[in-house]
1. Met77's amide H: which non-local residues (gap 5+, or another chain) put their own amide H closer than 5 Å, with H modeled 1.01 Å from N in plane and none for Pro or chain starts?
2. If you take the beta carbon distance between Glu155 and Ile65 as r and set R0 to 22 Å, what does 1/(1 + (r/R0)^6) give as a FRET efficiency, to the nearest 0.05?
3. Compare the Cα positions of Pro24, Phe36, Ile53 along the charge dipole of segment 17-103 (+1 at Cβ of Lys, Arg; -1 at Cβ of Asp, Glu; about the Cα centre) and return the one farthest towards the positive end.
4. Take every Cα pair under 8 Å in the chain that's 6+ residues apart, average their separations, divide by the length, and report that relative contact order as a whole percent.
5. With every protein chain in place, what's the accessible area of Glu67 (1.4 Å probe, Å², nearest 10)?
6. Given a Förster distance of 35 Å, report the FRET efficiency between Lys31 and Glu115 from their Cβ-Cβ distance, rounded to the nearest 0.05.
7. Rounded to the nearest 10 Å², what accessible area does Glu115 have for a 1.4 Å probe in the complete protein model?
8. May I ask you to compute the full-extension gain from Phe122 to Asp43, defined as 0.36 nm times their residue separation minus their alpha-carbon distance, rounded to one decimal in nm?
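The values are calculated or read from the model by the stated rules, or taken from the named source; none is laboratory data. Bear in mind that the values here come from a model prediction, so they are computed numbers and not experimental data. We place every Cβ from the backbone using ideal geometry, glycine too, and count neighbours over all the protein chains shown. The area values use the complete protein model at the heavy-atom level, side chains included, leaving out ligands, DNA and RNA. Shrake-Rupley method; radii C 1.70, N 1.55, O 1.52, S 1.80 Å.
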Amino acid sequence: MNDIRNMTFYEFIMDVKEKNHRLPKEFYIGKISVAFTLCLKGDVQAFIKNEIISIFTDILTSAVIKEGCIVPVYCFMPNHQHIIITGTCIDSNIWKTIVSYKPKTGFWMSANKPEIGWQKDFYDHIIRTNEDIAAQVRYVLDNPVRKGLVLLWQEYPFKGSIGCKMEDVLLGII
């Protein structure tokens with residue numbers, strides 16, 4: 001890092017922003033699970049209609065199948081999306097899955113809903129092997145409850161799984 005005493009505020013901010021906050025790409029390969037949160041720019045409430053969610057789910061399905069992954073849970077909140085992606089084999093590539101999904105959905109938004117778009121980056125958390133995947137899935141499913149959108153997660157329409165049964169995940173079968 002540069003000596004901050006000799007930097008302008010702008011130089012300092014750019015120096016901080018440019019730091020790589022991701023693990024190396026090889027950490028996203030194999031039989032692991034990663035939780036992602038993708039946020040929309042501004043306070044746009046775009047994920048409130050089946051049309052967009054259906055299109056995005058189809059794009060996500062294509063991306064996970066191509067890279068040998070499954071999605072134990074996804075949940076579209078009004079202005080962001082939670083996804084847990086799990087690799088099913090030693091060469092499953094979760095990184096390629098998410099960096100395929102996000103630009104394709106971003107392109108769809110720019111072509112069809114130019115008033116909405118993704119924020120530049122996303123949050124991710126590699127789920128450690130000693131963490132309970134069912135507990136992580138329950139946490140994602142409880143987001144609409146915590147936000148006061150529904151009383152029970154089962155009532156929320158914009159959730160699902162891809163390549164597995166959510167019930168099996170919650171029971172610890174997967």
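1. Amide H to amide H, under 5 Å and 5 or more residues apart or across chains, Met77 pairs with His82.
2. Once the sixth-power term is evaluated, E becomes 0.15.
3. Result: Pro24, furthest along the dipole toward the positive end.
4. Averaging sequence separation for qualifying contacts and normalising by length gives 28 percent for the chain.
5. 40 Å²
6. Once the sixth-power term is evaluated, E becomes 0.30.
7. Its heavy atoms expose roughly 120 Å² to the probe.
8. Once the chain is fully extended between Phe122 and Asp43, it gains 26.9 nm.
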